[in-house]
1. What is the number of the single condition among (1) surrounded by 14 or more Cβ atoms within 10 Å (Cβ to Cβ); (2) free of Cβ contacts under 8 Å to residues at least 40 places away in the same chain that Arg70 does not meet?
2. What number goes with the only condition from (1) within 24 Å of Leu137 (Cα to Cα); (2) within 16 Å of the ligand (Cβ to nearest atom); (3) under 18 Å from the mean Cα position of the chain (by Cα) that Leu363 does not pass?
3. Residue by residue through segment 256-301, note down the ones that are among the β-branched types (Val, Ile, Thr), farther than 19 Å from Gly495 by Cβ, within 13 Å of the ligand (Cβ to nearest atom) and in a helix (DSSP H, G or I).
4. Pick from Glu369, Glu324, Glu302: which is farther than 27 Å from Arg97 by Cβ and either acidic (Asp, Glu) or at pLDDT below 95 (or both)?
5. Do we have any residue at all in segment 340-363 that's at positive phi and touching a Ser or Thr at 6+ places or on another chain (Cβ under 9 Å)?
6. Residues of segment 351-384 being aliphatic (A, V, I, L, M), touching a strand residue (DSSP E or B) at 6+ places or on another chain (Cβ under 8 Å) and farther than 30 Å from Leu62 by Cβ, which ones?
7. Taking interchain pairs and intrachain pairs at least six residues apart, which have beta carbon atoms under 8 angstrom, with the first residue in segment 163-180 and on the phi > 0 side of the Ramachandran plot and the second near the ligand (Cβ under 8 Å from one of its atoms) and charged (D, E, K, R)?
8. Residues that are over 26 Å from Thr53 (Cβ atoms), out of contact with any Asp or Glu (no Cβ under 7 Å at 6 or more places or on another chain) and among the β-branched types (Val, Ile, Thr): does segment 491-507 have at least one?
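The values are calculated or read from the model by the stated rules, or taken from the named source; none is laboratory data. Every value quoted in this text rests on a predicted model; they were computed, and no experiment measured them. Positions of Cβ are generated from backbone atoms using ideal geometry, with glycine treated the same way; all protein chains shown enter the neighbour counts. The accessibility values were calculated without ligands, DNA or RNA, using every heavy atom of the protein model including side chains. Shrake-Rupley method; radii C 1.70, N 1.55, O 1.52, S 1.80 Å.
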Amino acid sequence: MTGDAASQAARATPFDALPRTELPAWQALAAHAHGLRGTTLRDLFQADADRGTRLTAEACGLYFDYAKQRLTDETKQLLVQLARSSGVAERAEAMFRGERINVTERRAVLHVALRAPKSHKIFFDGHDVVPDVHAVLEAMAVCAEHVREGRWLGHTGKPIRAVVNIGIGGSDLGPVMACQALRHVSERSLTLRFVSNVDGTDFSEAVSDLNPEETLFIVSSKTFTTQETMANAGSARAWVLKVFGDEAAIARHFVAVSTNADAVAAFGIDTANMFGFWDWVGGRYSMDSAIGLSTMIAIGPEAFGELLAGFHAMDEHFRSAPFEENLPVLMGLLAVWNTTFLGSRTIAVLPYDQYLARFPAYLQQLTMESCGKRVTLAGDAIDPGTAGGYTTGPIYWGEPGTNGQHSFYQLIHQGTEVIPCDFIAFAKSLNPLGRHHDLLMANVFAQAEALAFGKSAEELVAEGCADWLIPHRTFPGNRPSSTILAEQLTPRLLGSLVALYEHAVFVQGAIWNINCFDQWGVELGKQLAGRIVPELESQDAPALSHDSSTNALIRRYRLMRG
Ligand code: F6P
């Protein structure tokens, strides 16, 4: 064993070595899934009057109804056994204890510390990180209040009125989602913009109507090396300097959020205006770190505190509730059940709340960068085609209801793919308007009902449907969904909702025995782009040594751009 392998083995939990397909619960579930094939949701509901209230769980203001999933009490029991024998609880404890469970990057995974109250202690390498977290939160609050109250002045003495967050991936998607979700509690006199794409259109459009004298850029990048972010930050710098012609303006118009103080200083941003975080915060788990500065500026430190409290409440629930009533455990198990045992390839997330329009996009990084893995923690292949292999990370996607109903729901109802859905809805509208909210809610309930029970040929005949139309108008039903119902979309509720998905991903990762916290898959494309950039920028036609397709595309691009 090499030194590296030995130290990894020493860190691993005893569960990492267990081939999942050999676990009795795994094998029982595979047989059970086979046995359930002929049973429909209609059958299950007809046989069991309590199903609709029994197969539910509730925590942190979220009511989770999974009665319309294709499962029985036995399925649930077996899934819980699978979670136990995969070491979900032990792995979660290792995370909360600050162990380096991200073994390939040798990092701890401590996003739970970002929302721990001051009174808590969470240790990493013998050091309590909670005071560090609160020190950064306090510094963020000072900055946020200055901007919100018009006390942060630009280079010409005008108060800042527009904030532009420059970042990508985890340094963008969380703040974008949260700022939109919490717009109803945000400071409306401030303009919030987000620039992520290296496509110059993103930056140009974002600043086109902004006054540089009143604009503050937040350069958000954990590494401060990401190509897209650095390119956009460079353009922002040039945009500011073009107006003021004075380097001193940078300090008044730029702050940074990063773990890399040297690179921040090299960029020209005063490190006094840098808000730090730590390498134990993964990009896609960072919206409640300093990466949330734009969110805090928008909603204020108090509401941001509420958001963190919501996250923390779900952390506590995840850590302490029995698996049978544990929302993240149940949600994670359902994803494993649908994906690995029932063969679904995607999960649709369908928020019936316009404020959550970017929630599916946010979840895509959280879920797919985490669970898009094809080897176990020990490095063994688990492609479904290999011995002992199985399917991991499903594709997450979605759009807010009711718009999706007039677009892709057709395929969910009558296509050949079975797509489990997560419906998310709120009892109280934040913008009550006539009948609108009841109409919205009627639709969410109706969709879940229609998916589960469909419409049979007999029912169509009874309605007088012409024979030839019956196959077209039949809905097979038996399409699974869960419904998450909460009272109202508050900052606290949003925190709990995001933490629910974070921990559900953790559960999936533990069961699939994969590392949910690295993302090597994004590296190759970055490296190749780095190689191609000089080939595009060079004045002479460079010798190209890619494959013939890439060579031809590069040549054609050079020719077409003139
Ligand atoms: O694309 C990979 C990734 O590393 C994400 O995981 C991360 O959220 C994003 O890039 C941005 O990274 P950074 O914050 O370092 O700019």
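1. It fails just one condition, (2).
2. (1)
3. If the condition is that a residue be among the β-branched types (Val, Ile, Thr), farther than 19 Å from Gly495 by Cβ, within 13 Å of the ligand (Cβ to nearest atom) and in a helix (DSSP H, G or I), then Val264 is the only one that fits.
4. The unique qualifying residue is Glu302.
5. We begin by selecting, within segment 340-363, every residue at positive phi; these are 343.
Filter again for touching a Ser or Thr at 6+ places or on another chain (Cβ under 9 Å), leaving 343.
Within segment 340-363, one or more residues are at positive phi and touching a Ser or Thr at 6+ places or on another chain (Cβ under 9 Å).
6. Scanning segment 351-384 gives Val375, Ala381, Ile382.
7. What qualifies is Gly169/Arg284; Gly169/Glu369.
8. Scanning segment 491-507, I find at least one residue that is over 26 Å from Thr53 (Cβ atoms), out of contact with any Asp or Glu (no Cβ under 7 Å at 6 or more places or on another chain) and among the β-branched types (Val, Ile, Thr), so the answer is yes.
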